[in-house]
1. Each label point is 7 Å from the Cα along the Cα-to-Cβ direction; what then is the distance between the points at LEU8 and TYR145, in nm?
2. Give me a comma-separated list of calculated 3J(HN,Hα) values for the stretch 135-148, in order, Karplus coefficients 6.51, -1.76, 1.60 applied at θ = phi - 60°, integers in Hz, x for any Gly or Pro.
3. Around GLY18, with a cut-off of 12 angstrom between Cβ atoms, what is the net charge of the other residues, counting Lys and Arg +1 and Asp and Glu -1?
4. With Kirkwood radius over Cα pairs in Å defined as stated, name the option among (i) 22.3; (ii) 18.9; (iii) 19.5 computed from the structure displayed.
5. Calculate what fraction, in whole %, of the accessible area of the chain sits on carbon and sulfur atoms when a 1.4 Å probe is rolled over the protein chains.
6. Hey, can you grab everything whose amide H is under 5 Å from the amide H of ILE139? Only 5+ residues off in sequence or another chain; H modelled, so Pro and N-termini drop out.
7. Which net charge results when you count Lys and Arg as +1 and Asp and Glu as -1 among the other residues whose beta-carbon is under 14 Å from that of ALA245?
8. Rounded, prolate or oblate, given the Cα gyration tensor of the stretch 48-133, with a/c below 1.5 counting as rounded?
Amino acid sequence: MGDLWLILANVALPVCAGITFFALARYASHIAPMRILVTGEKTYKGAAWGFSFFGAYLVTRPLQILLGPYPMPLVVNGIREFCMMALFAPAVFVAMMSLCFGSDRIPKKLIYGIFSLGFVLGFVFVVLNARAMGGTEVIFRLGSYRAYDGVWFKAQDPHSEALMSILFVIRFIDPLFLLLLAGVIVFRHARHYPEEKGAVYDNMPKKLYFLSAAVFAFPVSMLITGILVLFFKIPNQWWIYYLGALISGFLEAVSLSLPVRRDVQVSEHAR
């Protein structure tokens, strides 16, 4: 039963969450031309790219553990984390800024700055992560086939602990803080949605509340996982990430499927 749970947590759950976000990326691209006037061009383009990058991050978790022992888990993990920090979180943040403030009001310098910050933090994380990883260990078996994952938390020397602390700080900035900030911006926009727009697009606040919940779900899951490590010394609870991602995907699907006006009887996906 222990191996079955690990297979579900490390293979089935990430794959299901990843497929959900690939589907969301395709749907966002499909409805973008119909909602540009309401949300701005960068919103759905950024969302589609963000969904795609996040879907790739999620579905490659099985590759990280099934391609063999060290160094393969480190290589795949490095690529995944870099894409998360350099591409996914900045794309989501820019998309949410565009949604709330309008594409034309988002300076290009801010966009370049956010992506540059993500690139730098992602690069630093990958370098330090390679030094912090203390090898690999078997986490479960599929018959005679062994699944390996990295060992990050078992070294007790001060150098390794310092590296882990730096990695936690980097991940707190990107993607955790960046996504939480995006969620706060969307939630605040929902509460203070302009009356003149609300008179026409009366369903937008509801869509925005679901969207903010979707944006919050994944960073909150990361925060819970970090708290378990820092305060309760319970490491490697990665399944919480993927559960949070799956919840985020369902909430995002609800938000995308809602029409911008309550009196719309036939929505975009009927086209």
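The values are calculated or read from the model by the stated rules, or taken from the named source; none is laboratory data. If you're wondering where the values come from, they're calculated on a predicted model, not measured in any experiment. Glycine also receives a Cβ, built like all others from the backbone with ideal geometry; neighbour counts cover every protein chain displayed. With ligands, DNA and RNA removed, areas are computed over all heavy atoms of the protein, side chains included. Shrake-Rupley method; radii C 1.70, N 1.55, O 1.52, S 1.80 Å.
1. The answer from the label model is 2.0 nm.
2. Per-residue couplings from phi come out as x, 10, 9, 6, 9, 6, 10, 10, x, 8, 7, 9, 9, 10 Hz.
3. Working: positive: ARG61, ARG80; negative: none.
Local net charge: +2.
4. Answer by label: (iii).
5. Values: 9420 of 13640 Å².
Carbon and sulfur atoms account for 69 percent of the accessible area of the chain.
6. Result for ILE139 returns ALA147, TYR148, ASP149.
7. +1
8. Values: a/c = 5.02, a/b = 1.98, b/c = 2.54.
It comes out oblate by the Cα gyration axes.
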